[in-house]
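These notes are about the structure you will find just below.
Derivation of every value follows stated rules applied to the coordinates shown; laboratory data play no part. Remember, it's a predicted structure, so these values are computed and weren't measured experimentally. Here the Cβ positions follow ideal geometry from the backbone for every residue, glycine too, while neighbour counts run over all protein chains shown.
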Amino acid sequence: MLAASLDSSLRFIRGERLRLSVCKPGEAFGNPKRRVQAQFHHGGDAYAFWVTDPGYERAYLARPDGDYDLGERFLTISLGEPCNDCCYKLVAAIIPCAAGGAA
């Protein structure tokens with residue numbers, strides 16, 4: 001597994017055009033659990049990772065399902081625990097830029 005060869009499971013990046021989406025990704029399969037997904041751009045590429053930042057997750061799960069534009073934010077990207085020989089990337093922390101606001 002490639003993840004085992006990494007020297008760190010965390011990266012601190014600047015995410016551009018951050019949008020948080022609150023949805024029920026497993027609803028079609030009978031799973032009504034709501035989740036928060038971060039969609040952002042970094043280095044010219046688009047990404048979509050699940051949010052595990054407790055403050056943002058709690059704040060946005062309290063809102064209706066939908067998309068919320070946050071603009072530019074610093075993000076701590078983490079590798080989750082291995083599951084079926086895969087490690088998923090997660091947004092472990094969302095940090096406002098100096099001019100940005102909180103959740």
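Structural remarks
- As a proxy for reagent exposure, ILE13, ILE77, ILE94 were ordered by neighbouring Cβ count within 10 angstrom, fewest first; the result is ILE13, ILE77, ILE94.
- Kirkwood hydrodynamic radius of the chain, Cα pairs, Å: 14.5 Å
- Residues listed by number, region 14-32, amide nitrogen under 18 Å from ALA59 label point at 7 Å toward C-beta: 14-23
- Counting only Cβ charges, +1 for Lys and Arg and -1 for Asp and Glu, the dipole size of region 2-96 around its Cα centre is about 240 debye.
- Dipole of region 2-96 computed with +1 at Lys/Arg Cβ and -1 at Asp/Glu Cβ about the Cα centre; of PRO96, GLY15, LEU75, farthest Cα towards the positive end is PRO96.
- Least to most buried among VAL22, VAL91 (fewest other Cβ within 10 Å first): VAL22, VAL91
- Put a dot 7 Å past the Cα of ASN84, heading toward its Cβ, do the same for LEU10, and the two dots end up 2.9 nm apart.
- Exposure proxy order (Cβ contacts within 10 Å, fewest to most) of GLU57, GLU27: GLU27, GLU57
- Net charge of Cβ neighbours under 10 Å - reference ILE77; Lys, Arg +1; Asp, Glu -1: +2
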